[in-house]
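Please read the structure below before turning to the comments.
What follows draws every value from the coordinates through simple rules; no lab data is involved. Note that the coordinates shown come from a computational prediction; the quantities given were computed from them, not determined experimentally. Note that we place each Cβ from the backbone using ideal geometry, even for glycine, and neighbour counts take in every protein chain shown.
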Amino acid sequence: MRFEIVTLFPEIVEALRIGLLGKAMDSGAIEIVARSPREFATDKHRSVDDAPYGGGSGMVLMPGPIAETLDALDAERGGPSHKVLLTPQGDRFDQRMAERFAALPSLTLVCGRYEGFDERIRGMVDQEVSLGDFVLLGGEIAGATIIEAVARLGPGVLGNDESATEESHSTGLLEYPQYTRPSVFRGQEVPAVLKSGDHARVARWRRKEALRRTKERRPDLLETAPLTDEDRKLLAELAAEDES
């Protein structure tokens, strides 16, 4: 999959070349390309921002350099790309959106800086996306977050492809507790069922604990999670335990 970042700081690509993401870039499993709107600035100062019409604090990104950058990426790519504007006003990013993005051949992320975008830039993209109800200095960190969340769903990125389907939110629930050696650490022991060798019991325990953790920490997720009849039995067991 190809990721494109429109940013004033194209060096972010090298910052992403670490761990499994770096290995995926080196192997060709994913491609990350950054282009700076400054390449298309028309004055000697390579300006990409200007004061807003009507007055006000801060500077606003001009539409011209962004448009030229997107046009250049379109010509370079030679195929379609889903263009995303990173803005606090956008759709909330979540695991379902990451899965939809992972099915695309290319994803273009437009990062802002300064006070904001010229409104006409919104018409150059397919979607506006936000990480949450807060404001960052720019879109680069948000873009890096989205790239990691999407890239890990693609083939050849994780060491074990099943890991992508077992994490929190992948099934609509929070992930069950995990343990490793030693068996006892500072008086806390690994649950006996995980050492039993009984795969069916382990699977049932993990599912029940995922439901328990979701019920305790994010009960709202249970309203939309695809629950089975067995899940509902486990939730009934949890309710009975709470009452006892």
Task: Contour excess over end-to-end distance, with Cα ends at residue 241 and residue 29 and 0.36 nm allotted per residue - done: 71.7 nm
Open item on the list: Counting only Cα atoms, I'd like the Rg/Rh figure for the range 2-151, Kirkwood definition for Rh.
Closed with: 0.96
- [ ] Calculate the length of the line joining the C-alpha centroid of the range 62-140 to that of the range 182-236, in whole Å.
- [x] 38 Å
TODO: Take the Cα coordinates of the range 1-76, assign each an equal point scatterer, and use the Debye formula without solvent to give log10 I(q)/I(0) at q = 0.25 Å⁻¹.
DONE: -1.11
Task: Normalised convex hull volume, the range 168-243, alpha-carbon set, Å³ per residue - done: 116 Å³
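Ratio of alpha-carbon Rg to the 2.2 N^0.38 Å globular estimate for the range 99-244, to two decimals, please. Spell out each step's value before the answer.
Details: Rg = 20.5 Å, N = 146, 2.2 N^0.38 = 14.6 Å.
Its radius of gyration relative to the 2.2 N^0.38 Å reference: 1.40.
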Task: Percent RCO, i.e. relative contact order, over the chain, from Cα pairs under 8 Å lying at least 6 residues apart - done: 18 percent
- [ ] Report, by chain and number, residues whose modeled amide H sits under 5 Å from the one on residue 108, excluding near sequence neighbours (fewer than 5 apart, same chain).
- [x] 4, 82, 83, 84
TODO: Determine, for 42, 69, the number of other Cβ atoms within 10 Å of each Cβ, and report the residues in order from fewest to most.
DONE: 42, 69
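Of all DSSP beta bridges in the chain, what percent run antiparallel (nearest 5)?
Restricted to the chain, the bridges split so that about 15 percent are antiparallel.
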- [ ] State the extension gain, in nm to one decimal, for the chain segment bounded by residue 141 and residue 39, taking 0.36 nm per residue of separation less the distance between their alpha-carbons.
- [x] 34.6 nm
Open item on the list: With an 8 Å Cα cut-off and a minimum separation of 6 or more residues, compute the relative contact order for the range 168-243 in percent.
Closed with: 37 percent
TODO: Determine ³J(HN,Hα), in whole Hz, for all residues of the range 175-185 in sequence, where each value follows from phi through the Karplus function 6.51 cos²θ - 1.76 cosθ + 1.60 and θ = phi - 60°; x replaces Gly and Pro.
DONE: 6, 5, x, 10, 9, 9, 5, x, 5, 10, 9
Open item on the list: At 0.36 nm per residue, and after removing the present C-alpha to C-alpha distance, how many nm does the segment from residue 9 to residue 77 gain when stretched out fully?
Closed with: 22.4 nm
Open item on the list: Calculate the FRET efficiency for residue 134 and residue 178 from the Cβ-Cβ distance with a Förster distance of 22 Å, rounded to the nearest 0.05.
Closed with: 0.15
TODO: Sticking with the crude label model, points 7 Å out along Cα→Cβ, report the distance from residue 99 to residue 232 in nm, one decimal please.
DONE: 2.1 nm
- [ ] Arrange 125, 84 by Cβ neighbour counts within 10 Å, fewest through most, would you?
- [x] 125, 84
- [ ] Report, in debye and to the nearest 20, how large the dipole of the chain comes out about its Cα centre when Lys and Arg carry +1 and Asp and Glu carry -1 on their Cβ.
- [x] 680 debye
TODO: Identify which of 90, 58, 22 has the largest mean-square fluctuation in a Gaussian network model of the chain, with springs joining Cα atoms closer than 10 Å.
DONE: 58
